[in-house]
Each structure stands twice: as C-alpha cells, then as structure tokens.
Amino acid sequence: MKIETSRHKLPLLAVGQAQKEYTHNEALLLVDNLINPSIISIIDSPEAIDDAQNITDETRAWLISHRPSGIWSHRANAIAILTINGFRYIEPTSGMHIFNEQSGCIMMYKNNSWHLAPILAAPNGGRVVDSQARDSILAILDNLRQFGLSRL
C-alpha cells in the first residue's frame, strides 16, 4: 500500500519499509520542484520537447497544456518534471504559482486552469488626470485581487 500526503501526493515512509532512501529521494525531488517552481514552456506531449531546449540540468519542468495529446492525454494542467529516471508529475492545487521561463510571467492555478496575470493598459489621453489616475489604480487593485495579492 502506497502512503502519500494528501495535497501534493508526496510519498511517505512506511514503518519497517526496506530501502527508505528511494521513497525519501522521490519526495525530495518533488519538493525541490514545488519550492519556487519554474517551467520551460507549455507543451501538449513529450514529443514537443526538442534537443534545442538544451536540457543540461538534472531536472527540468514543463507545464502540460489543458488539452494534451498522446501519453499525456490524462495529465492536463500537470507539471511534468524530466529527471534522469524519466518523468515525474505534479498535479496542481488551487493557488499554486509557477514561473513560465518562455513568457517571463508568473502563472496561477485557480478554477481548474492556469492563468497569466492580465496585461494592464497604461493610461492615455484625457484632460482630467485625477479620473484617469483613479481608473488606473482601480485596475491595478482589481488585478492584484484576482491573483490573491491583495484582500482590499
């Protein structure tokens, strides 16, 4: 019987378990990728990973798209971590943030999908600076709230 944590499915050691180092190392690998997670890009299948991405680190991660294909068809929105022993997967939880190296943006998982922070339009035109400034500040606050960065 496999025992694991409820939130991120990290493997737990069992009493009397032989070769505990395998379970412990697997948990550390997943935790290492959960602390300040970063992905290379969003892809549909492992075939989308090309040699041009120069995988030099021991572990690299990609975000599986919301409509994956092939062997990943059941892993929508998961983070795929390529290790020297193959892929490991992290299922997202509500509120999880990741850094997308391709876009240079932080993404947040909520309502069963990943979201980029919205692009804020810069104020332009107008003669009444006060109303324009208020509208800009309200837009900023609204976006901060959407990403859970403000409660006001």
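Quick notes on this structure:
- In summary, the lysines within cross-link reach of residue 110, defined as a Cα separation below 26 angstrom excluding same-chain residues under 8 places away, comprise 9.
- Sorted on the mean count of surrounding Cβ atoms within 10 Å across their residues, most packed first, peptides 75-81, 20-26 read 75-81, 20-26.
- Take each peptide in 28-40, 93-105, count the other Cβ atoms within 10 Å of every residue, and average; sorted highest first, the result is 28-40, 93-105.
- For residue 3, net neighbour charge (Lys/Arg +1, Asp/Glu -1) across residues whose Cβ lies under 13 Å away: +1
- Other residues within the sphere of radius under 14 Å centred on the Cβ of residue 89, judged by their own Cβ, net out at +1 (K and R +1, D and E -1).
Read-outs: derived from the displayed coordinates by stated rules, not from any lab. Worth saying up front: this structure is predicted, and the values here are computed from it rather than measured. Quick reminder, even Gly has a Cβ in these numbers, built from the backbone with ideal geometry, and neighbours come from all protein chains shown.
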